[in-house]
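The structure appears right after this line, and notes come after that.
What follows is calculated from the coordinates using simple rules that are stated; it is not laboratory data. Since this is a predicted model, take the numbers as computed values, not measurements. No Cβ is skipped: glycine too gets one built from the backbone with ideal geometry, and neighbour counts run over all protein chains shown.
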Number of protein chains: 2
Amino acid sequence: MNEVKKYIPQETARRLSLYLRSLRRLGQEKVAVASSADITRFLNISSVQLRKDLSYFGEFGRRGVGYDVDILKGEIEKILGTDVVWKIALVGIGRLGSALLGYKGFREFNLQIAVAFDNDPAKIGKTREGIKIEHIARIREIIAQKAIKIAMLSVSAASAQRVSDELVKCGIKSILNFSPVNLVLPADIYVSNVDMASELESLVYKLKRGFS
Amino acid sequence: MNEVKKYIPQETARRLSLYLRSLRRLGQEKVAVASSADITRFLNISSVQLRKDLSYFGEFGRRGVGYDVDILKGEIEKILGTDVVWKIALVGIGRLGSALLGYKGFREFNLQIAVAFDNDPAKIGKTREGIKIEHIARIREIIAQKAIKIAMLSVSAASAQRVSDELVKCGIKSILNFSPVNLVLPADIYVSNVDMASELESLVYKLKRGFS
DNA sequence: ACGTGTGAACCGATTCACAGCA
DNA sequence: TGCTGTGAATCGGTTCACACGT
């Protein structure tokens, strides 16, 4: 019953993390029990969708009643794997990389930038937001030593492929890529892209198309 | 034949913008004619998908030959609407907002940050990357005057809903939201979310699940 | 009656298989 | 033969409709 079932939609994981935010908010408001409708009220997600998503992992609610906010929060954290701290490497400390270094939202989800790399001698050795910037030449040594599996990549488009190849050699298994190129990497490496220009372009298209 | 057909998948717009990048790259390499396979070689997209995507808008290739790189580039720009410059408002000039101000990738797609807003008196009147930072109190006046329809929102989670309500009143129709809250807005406003913490959390989940 | 949990129906999007043209 | 263009088949995911427990 509490076993993990076979095929789980890609989008389910993303939604689970939104449910988590909602539950945290309810918890702060001292709500002890909430229905699926309560939890999805401020997300653009239906209550059926929440119940379906949870059903892939088990039964967490009480029929006729709802969900215990604290318990469900814990269960979703366990499912997502963020019940323990995950260390992340940040590569490329330009403007965007610096913004990521300072982003407070990661901590809330037990995500911790454990090390930052750049190739600009002027930046090496400096500490920003409590994280020391290391030279990229030391990447293999440090990532292995800290057993880091996830990296955020905020380097230039020109060097993104080269750096990501290196990351894979270091044992990195997942990359959140902010550079505007598609990384070609082995099939067992999971890459997620954050592409602001493309995102904006889609908005332009929708705007043109939906209201003209 | 060149008419726009009825139902076009959501994802098609996003992919069109990736094809555009690929075509630009091919153009720089002086390639005049390219097959669908050439264009998708470095994107994780099949050549059939490209042809299907284009088929929603018309016939742009020559059978047995391929596509004229320059012409297709122009056609896709017309479809996306980025054949003309779009002005964008940036609201919230913290670390992330500053990074967005300096991001060069927008210009390539004819996207131009035309004005920036903040509420910190220390920042008002300063010019960064050639863009003057205005006080948020002047938002309605300036956005109306410049006829801006698209905004990027990089304010704190606490103020995101309030500021986006204001943006809608100013006549903004699309918002690219970087703050970690779901904005509740009228149905005719298109919102796209960039949520790094949630994105990373999905990576953790995939990592845990795929390789454990 | 209320709200969860879930098989079945449905829907949108991708992939297949092949017709059409150079 | 090579590559485009597209209806049809298929696939994955969401929504429906309702059984079930409190």
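Size descriptors for the stretch B:78-138: radius of gyration and Dmax over Cα atoms are 12.5, 42 Å. Residues in the stretch B:78-116, backbone N under 11 Å from the label point at residue B:138 (7 Å along the Cα-to-beta-carbon vector): list them, ranges by number please. Output list for this probe position: B:116. Taking the label point 7 Å along Cα→Cβ, residue A:110 and its counterparts in the other copies are spaced 4.7 nm apart, in ascending order. Chain A residue nearest by beta-carbon to the axis mapping A to B, with distance in Å: A:99, 2.
Only alpha carbons enter this Debye calculation for the protein assembly as shown, each as an equal point scatterer, and the log10 of I(q)/I(0) it gives at q = 0.06, 0.09, 0.12 Å⁻¹ is -0.27, -0.63, -1.15.
Each 10 Å bin, from zero up to the one with the longest distance, holds this percent of the alpha carbon pairs of the stretch B:48-114: 17, 36, 23, 18, 5, 0.
In this Cβ point-charge picture (+1 for Lys and Arg, -1 for Asp and Glu), the protein assembly as shown has a dipole of about 80 debye about its Cα centre. With the simple model of a label 7 Å out from the Cα in the direction of the Cβ, residue A:24 to residue A:162 spans 3.8 nm.
Beta bridges per DSSP, both residues in the stretch B:49-151: antiparallel share near 20 percent. Shown for residue B:87: label points 7 Å from Cα along the beta-carbon vector, and their distances to the equivalent points in the other copies, 5.0 nm in ascending order.
Across every pair of non-identical alpha carbons in the stretch B:115-166, the mean reciprocal distance, once inverted, gives a Kirkwood radius of 11.7 Å. Rounded to two decimals, the Cα-based Rg/Rh of the stretch A:1-125, with Kirkwood Rh, is 1.09.
Before rounding to the nearest 500, sum -39500 (n - 2.57) across all DSSP H runs of length at least 4 in the protein assembly as shown and divide by the residue total; then give [θ] at 222 nm in deg cm²/dmol.
-13000 deg cm²/dmol
In the stretch A:135-202, Rg over Rh equals 0.99, where Rg is the alpha-carbon radius of gyration and Rh the Kirkwood radius from pairwise Cα distances.
Legend: helices of chain A (whole DSSP H runs) are marked when their alpha-carbon atoms reach 27 angstrom or more along the helix axis and their mean Kyte-Doolittle hydropathy is at least -1.0; marked are A:10-28. Note that the stretch A:92-212 carries a Kirkwood radius of 15.6 Å, evaluated over its alpha carbons pair by pair. Residue separation of residue A:70 and residue A:55 scaled by 0.36 nm, minus their Cα-Cα distance, works out to 3.6 nm of gained length. 3J(HN,Hα) along the stretch A:176-193: 9, 9, 9, 8, x, 9, 7, 7, 9, 9, x, 5, 8, 9, 9, 10, 10, 9 Hz, from the Karplus curve 6.51 cos²θ - 1.76 cosθ + 1.60 with θ = phi - 60°, whole Hz, x for Gly and Pro.
Label-point distances for residue B:192 to the equivalent site in the other copies, using a point 7 angstrom along Cα→C-beta, read 1.8 nm when ranked shortest first. All Cα-Cα separations within chain A were binned at 10 Å from zero, giving a P(r) of 7, 27, 28, 24, 12, 1, 0, each value a whole percent of the pairs. As a calculated quantity, the FRET efficiency between residue A:46 and residue B:110 at R0 = 41 Å, using C-beta atoms, amounts to about 0.65.
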